[in-house]
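Here the structure is laid out as structure tokens; the discussion comes afterwards.
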Amino acid sequence: MDSIHIVGGQRLEGKISISGAKNAALTLLPCALLTDEKLTLGNLPRLADVDNFSHLLNGLGASTKVEGVKKGEIGRRMTLEAKDIASTVAPYDMVRKMRASILVLGPMLARAGEATVSLPGGCAIGDRPIDLHLRALEAMGAEIELAAGYVKAVAPKGRLPGGDYSFPVVSVGATENALMAAVLATGRTQLFNAAREPEIVDLCNLLVAMGGRIGGIGSSHLIIDGVEGLHGCDYDVMPDRIEAGSYACAAGITGGSIELVGARAADMLAITNALSAAGLVVEFIEKGIRVTADKPLKPLAISTAPYPGFPTDMQAQFMAMLCLAQGESFLEETIFENRYMHVPELRRMGANIDVRGRSAIVHGVGGLTGAQAMATDLRASMSLVLAGLVAKGETEVLRVYHLDRGYERLEEKLSAVGATIERRTAG
């Protein structure tokens, strides 16, 4: 099994090219099921989750073709074509690897009039029920049945009529599924209290490029007028704001300066505001964002929230960085109830962190020490890498398959800015 080995203490400086967004890519890929024409996605990150999702689509009848990638090139292009839906069943052995697999439910229901999808897997970071996905589809006319670990959804007349639904709490995944189901409905759908994340906007923009009719893009009130059919198109995945934020924290924790090439500042205001509040210099430049740490880190008070608030996917990385801040930082996790699993591993490296329910107090320390650390989920993995970059001695991060789900060519990118980091394979 692979592990990441880091010798800490290097100041990072240079440029890192930001890949296409994992969370956007996993939302755009199932759109191929909505048309019998070719959909080509550019700037697609080379990640385990993307590969797993493409294999899931293959099982449902979509062909996938990846264009040749030049050495050192970021991202790739994939052409998907689902001339026919070969199967409307997404079985457990395909879905269990990642939670995003539930996103085939909406498009299959919209195109084929039925879909049976295993309840999904993914990171064990708390209870993330899919009831909001199902309620939204029911409001649009679907009949839902749960049995033996599967969700079966049927459009009684072959196509959903559409309808209105107000989400009781903001849900990114449920908004995405509802959007993809609504674009081929026979009537109008209105989604209230919809998620506003940039990845939702990216999905809306792709659906419009395919011929969908969506109003209110970027707002919490989405209006979708169903169309008879969608066509193929060529579309580039947005840059990954979470990857960019993670490498910004790498600059912060090592006292370095990194230019995040391709990062889109408009998508990252909550992140860049927090970086600035921590004492980092954030510059919006022509090709992206430059983050420089030229002063001691300041403590912060952060509460995660749906967009445009501070993203839960950045909580672990900021926690690692704030371990070296001068003072006490307060973090509150409002999205998931079990997203502090990285804390015991950071403590083993010398961090001083108290967890009280969904809140954590990070007492700044003078330094960290390298240790063997176990990754528990995707973003927790990155927090351990960040800690290792500044820790005295060597850090070994185990279970790096978590990292491979969300960070493209991590070791190569960090090595290019001065980190001493390598992947090793046991045995």
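Electrostatic tally near Ala360: other residues with Cβ closer than 9 Å to its Cβ, Lys and Arg +1, Asp and Glu -1, net -1.
The 3J(HN,Hα) values that the Karplus relation (6.51, -1.76, 1.60; θ = phi - 60°) gives for region 13-18 are, in residue order, 8, x, 10, 10, 7, 8 Hz. Gly and Pro appear as x.
Taking a straight line from the alpha carbon of Lys15, these lysines sit under 18 Å away, with near neighbours fewer than eight places off in the same chain left out: Lys71, Lys287, Lys413. Working from label points 7 Å from Cα in the Cα-to-Cβ sense, the Lys298 to Asp131 distance is 4.2 nm. Counting only the backbone N, which residues of region 24-60 are under 15 Å from the spot 7 Å out from the Cα of Tyr150 toward its beta-carbon? Taking a point 7 Å out along Cα→Cβ of Tyr150, the residues of region 24-60 whose backbone N falls under 15 Å are 60.
Once a ≥ b ≥ c are taken as the square roots of the eigenvalues of the Cα gyration tensor of region 22-236, is the result rounded (a/c under 1.5), prolate (a/b larger than b/c) or oblate (a/b not larger than b/c)? Judged from the Cα gyration tensor, region 22-236 comes out rounded (a/c under 1.5).
Percent antiparallel among DSSP beta bridges with both residues in region 184-319, to the nearest 5?
Taking every DSSP beta bridge within region 184-319, about 95 percent pair in antiparallel fashion.
With a cut-off of 13 Å on the backbone N, the residues of region 198-212 near the modelled label site 7 Å out from Asp225 along Cα-Cβ are 212. Estimated at 0.36 nm per residue, the fully extended path between Glu412 and Ala209 surpasses their Cα-Cα distance by 69.7 nm. Counted over region 22-236, the DSSP beta bridges are approximately 75% antiparallel.
What full-extension length gain, to one decimal in nm, is calculated for Asp84 and Met1 as 0.36 nm per residue of separation minus the Cα-Cα distance?
The span from Asp84 to Met1 would gain 26.0 nm if fully extended.
Any read-out appearing in this document is the output of simple, stated calculations on the displayed coordinates, not a laboratory observation. For clarity, every value in this text was computed on a predicted model and none was experimentally measured. Note: ideal-geometry Cβ built from the backbone for every residue, glycine included; neighbour counts use all protein chains shown.
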